[in-house]
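The values are calculated or read from the model by the stated rules, or taken from the named source; none is laboratory data. As the structure is a computational prediction, the values presented were derived from the model and not from experiment. Virtual Cβ from ideal backbone geometry, glycine too; neighbours counted across all protein chains shown. Ligands, DNA and RNA are excluded from the accessible area calculation, which covers all protein heavy atoms including side chains. Shrake-Rupley method; radii C 1.70, N 1.55, O 1.52, S 1.80 Å.
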Amino acid sequence: MYNTAKKQVWYGELRTPRGTSIVVHDNRLPDASPGRIYLFNVSRNTIGEYVEDIVKVNLHELEPQQLTAAKAEHEAAWLAARAEFMAKHEAHIELSSVPDSAPASKAKKVEVVDEIIDVDDSEMEFEDADADFGAGIGDDSDD
């Protein structure tokens, strides 16, 4: 089983029913989705995202001779794939750090009136409101 605690870059073997493949795990890559890890698969010549719980039981350490041969044969491809992968991921912007791009909302102007207008109501004519109040309400007569 693989152990990346000791090494930043781990070369190992992925054993599946389809066959075996040399893989590379790098702790310096950005974090994958929760519960997943990134591995460079030399058979596919690409960095892929794997479900960690499924794949980790199938990852095995290489013997020292195999490790030396794997590094010699696949390190250049690994470094090229890593550079491409990092360039793509660095281009992605963390949306939480991007300021809101919407224009600032404008507050509606509220005009405050400080002036009090004094109305002389002595000259105003008022109708007798009480006289007509209730007329027609509940009145069934045909006057």
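Values for this structure:
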| read-out | value |
| --- | --- |
| Spatial separation of Cα centroids for segment 43-72 and segment 14-32, in angstrom | 4 Å |
| Cα→Cβ-extended label distance, 7 Å offset, between GLU90 and ASN45, nm | 2.3 nm |
| Inter-label distance, nm, simple model (7 Å from Cα along the C-beta direction), GLN8/SER21 | 2.6 nm |
| Ranked order, ASP53, ASP31, ASP26 - accessible area, probe 1.4 Å, largest first | ASP31, ASP53, ASP26 |
